[in-house]
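Enquirer: Please read through the structure below; I'll follow up with questions.
The values are calculated or read from the model by the stated rules, or taken from the named source; none is laboratory data. All of these numbers come straight from a predicted model, not from anything done at the bench. Glycine gets a Cβ as well: all are built from the backbone with ideal geometry, and neighbour counts include every protein chain shown.
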Amino acid sequence: MNKSDQNAPTAQPENHEQQRALLGDLYRQMLLIRRVEEASAKAYAQGKIGGFLHLGIGQESVCVGAIAAARKTDYVVGTYREHGHYIAKGGSPKEVLAELYGKATGSSGGLGGSMHLFSQKNRFLGGYGIVGGHVPLAAGVAFASKYRDEDDVTLCFFGDGSVPQGALHEGLSLAGLWKLPIVFICENNQYSMGTPLYRTLAVEDVTERASGYALARDRFKGEDVLRVRERVGVAIERARKERQPTLIEVITYRFRGHSMSDPATYRTKEEVEEWKLRDPVPLARQRLLAEFAMPEDQLVSLEAAVKAEVQEAVRFAESSPPAEQESVWKHVYADPALDPRST
């Protein structure tokens with residue numbers, strides 16, 4: 001346990017029944033995301049999905065736990081590995097899979113694909129393909145909340161590969177300087193594409209950078225979804241009440257390659273198997289059985305419902321109409337007909 005682990009504040013725990021209900025819901029979300037990712041991988045292998053596809057299998061506890069600590073009115077900005085974040089923020093598997101299939105019913109009308117999911121109604125503001133480039137944008141969202149005197153908080157997720165990028169440091173600097181209501185969450189999955197952490201960061205503890213920008217900091221392992229919710233929840237309340245931004249590093253792991261085109265031969269089988277012992281999805285299931293005495297048949301019923309939901313989402317995506325070619329310019333240029341100055 002590192003220093004920031006030991007000194008991290010903790011939120012008030014719920015009672016046993018509330019904890020069981022909460023963990024049951026978080027397990028359902030993680031399992032739903034896992035099954036959507038697996039369905040996406042299968043469709044990609046069948047040639048039904050084109051372009052890039054970055055899966056977050058193994059990292060589900062980070063987005064689910066963090067977003068569970070936020071309000072519905074809070075904002076989320078993510079990277080290109082954002083399918084789970086989109087679902088955790090209220091999006092549906094149908095919208096995700098339809099977008100991956102390039103269908104008009106997708107979250108971005110089939111025009112964005114895997115890296116550009118978006119939902120204005122859920123305040124999920126992307127999905128960005130430029131490594132680290134979204135961090136200043138998230139700082140801008142938080143600035144807008146402060147400027148309008150609103151108490152919304154922005155959660156900005158990024159990978160360890162973003163840490164050396166200049167744009168990230170610009171975003172951190174402005175957040176600390178202007179006391180923005182934002183929580184920066186590094187999902188440290190140990191690899192920047194195929195490059196291990198020790199070859200990309202001279203100082204591997206990402207949160208060491210917080211003091212240079214007057215940010216609070218926290219660092220912990222992410223396999224326990226309840227721990228993620230609790231620790232991120234403290235940072236969210238700090239941002240909301242004190243306008244104090246926080247830099248959080250969550251230690252996690254992705255079980256697949258960087259993208260579907262990456263065979264991940266740079267990792268040993270033993271390494272992957274060791275990390276699978278910390279897989280957050282089965283760990284949550286085991287805890288529900290052992291610690292919270294949830295009946296096995298209740299879990300089996302939940303899992304069957306998740307399977308059916310994903311199967312229906314696949315059918316929806318496959319049967320939906322494709323994005324229309326003429327819509328490709330719809331969100332690129334302003335429509336003069338909608339400009340009040342043109343009348």
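Enquirer: Report yes if some residue within the range 73-89 is at pLDDT 95 or above, buried (at least 22 other Cβ atoms within 10 Å of the Cβ), over 20 Å from PHE184 (Cβ atoms) and touching a Gly at 6+ places or on another chain (Cβ under 7 Å); otherwise report no.
Expert: Scanning the range 73-89, I find at least one residue that is at pLDDT 95 or above, buried (at least 22 other Cβ atoms within 10 Å of the Cβ), over 20 Å from PHE184 (Cβ atoms) and touching a Gly at 6+ places or on another chain (Cβ under 7 Å), so the answer is yes.
Enquirer: Please go through the range 226-277 and pick out each residue that is among the aliphatic types (A, V, I, L, M) and touching a strand residue (DSSP E or B) at 6+ places or on another chain (Cβ under 7 Å).
Expert: Residues of the range 226-277 that are among the aliphatic types (A, V, I, L, M), as a first pass: 226, 228, 232, 234-236, 239, 247-248, 250-251, 260, 264, 272, 277.
Those that are among the aliphatic types (A, V, I, L, M) and touching a strand residue (DSSP E or B) at 6+ places or on another chain (Cβ under 7 Å): VAL228, VAL232, ALA235, ILE236, ALA239, LEU247, ILE248, VAL250, ILE251.
Enquirer: Quick check on the range 14-29. Is at least one of its residues free of Cβ contacts under 8 Å to residues at least 24 places away in the same chain, of a type in the set (Asp, Glu) and part of a loop (DSSP other than H, G, I, E, B)?
Expert: Within the range 14-29, one or more residues are free of Cβ contacts under 8 Å to residues at least 24 places away in the same chain, of a type in the set (Asp, Glu) and part of a loop (DSSP other than H, G, I, E, B).
Enquirer: Take the residues of the range 148-171 that are more than 21 Å from GLY222 (Cα to Cα) and not in a helix (DSSP H, G or I): which is nearest to the chain's Cα centre (by Cα)?
Expert: Filtering the range 148-171 for residues more than 21 Å from GLY222 (Cα to Cα) gives 148-153, 164-171.
If we keep only those that are not in a helix (DSSP H, G or I) too, we end up with 148-153, 164-165.
On the way: ARG148: 26, ASP149: 26, GLU150: 23, ASP151: 22, ASP152: 18, VAL153: 15, PRO164: 20, GLN165: 19 Å.
Going through the qualifying residues, I end up with VAL153.
Enquirer: Please verify whether ARG34 is assigned to a helix (DSSP H, G or I), at pLDDT 95 or above and of a type outside the set (A, V, I, L, M, F, W, C), treating the condition exactly as stated.
Expert: Details: assigned to a helix (DSSP H, G or I): yes; at pLDDT 95 or above: yes; of a type outside the set (A, V, I, L, M, F, W, C): yes.
It is true that ARG34 is assigned to a helix (DSSP H, G or I), at pLDDT 95 or above and of a type outside the set (A, V, I, L, M, F, W, C).
Enquirer: Taking the range 124-147 as the search range and keeping residues that are part of a loop (DSSP other than H, G, I, E, B) and crowded, with 24+ Cβ neighbours inside 10 Å, which one is nearest to the chain's Cα centre (by Cα)? Write out each step before concluding.
Expert: So in the range 124-147, the residues part of a loop (DSSP other than H, G, I, E, B) come out as 125-134.
Restricting the remaining residues to those that are crowded, with 24+ Cβ neighbours inside 10 Å gives 127, 134.
Values: GLY127: 9, HIS134: 13 Å.
Taking the candidates together, the pick is GLY127.
Enquirer: Here's another thing I want to ask about it. Quick check on the range 236-245. Is at least one of its residues farther than 30 Å from ARG20 by Cα and crowded, with 21+ Cβ neighbours inside 10 Å? I'd like the intermediate steps shown before the answer.
Expert: If we filter the range 236-245 for residues that are farther than 30 Å from ARG20 by Cα, which is where we start, we get 242-245.
Those left that are additionally crowded, with 21+ Cβ neighbours inside 10 Å: 245.
Yes: the range 236-245 contains one or more residues that are farther than 30 Å from ARG20 by Cα and crowded, with 21+ Cβ neighbours inside 10 Å.
Enquirer: Hand me the list of helices (runs of 4 or more DSSP H) wholly inside the range 38-123 holding 3 or more residues that are within 26 Å of LYS307 (Cβ to Cβ), charged (D, E, K, R) and touching a Lys or Arg at 6+ places or on another chain (Cβ under 9 Å). Steps first, answer last, please.
Expert: Values: elements: 60-68, 83-88, 93-100.
Result: empty, no element qualifies.
Enquirer: Checking ALA11 against (1) at pLDDT 90 or above; (2) closer than 30 Å to ILE182 by Cβ; (3) among the small types (Gly, Ala, Ser); (4) not in a helix (DSSP H, G or I), which test does it fail?
Expert: The number of the failed condition is (1).
Enquirer: Hey, another quick one. Could you tell me whether ASP279 is over 21 Å from LEU201 (Cβ atoms) and among the acidic types (Asp, Glu)? Can you show your working first?
Expert: Working: over 21 Å from LEU201 (Cβ atoms): yes; among the acidic types (Asp, Glu): yes.
Yes.
Enquirer: Of the numbered conditions (1) in a helix (DSSP H, G or I); (2) more than 22 Å from GLU242 (Cα to Cα), GLY176 fails exactly one; give the number of that condition.
Expert: Here GLY176 meets the rest and fails (2).
Enquirer: Right, something else. Hey, could you check the range 175-209 for residues that are over 22 Å from HIS85 (Cβ atoms) and among the small types (Gly, Ala, Ser) and say which is nearest to the chain's Cα centre (by Cα)?
Expert: GLY194
Enquirer: Would it be correct to say that GLY47 is surrounded by fewer than 23 Cβ atoms within 10 Å (Cβ to Cβ) and more than 30 Å from ALA239 (Cα to Cα)?
Expert: Values: surrounded by fewer than 23 Cβ atoms within 10 Å (Cβ to Cβ): yes; more than 30 Å from ALA239 (Cα to Cα): yes.
So GLY47 fits the description; yes.
Enquirer: Could you go through the range 229-241 and let me know if any residue there is β-branched (Val, Ile, Thr) and in contact with a Leu (Cβ under 7 Å, 6 or more places away or on another chain).
Expert: For the range 229-241, residues β-branched (Val, Ile, Thr) and in contact with a Leu (Cβ under 7 Å, 6 or more places away or on another chain): absent.
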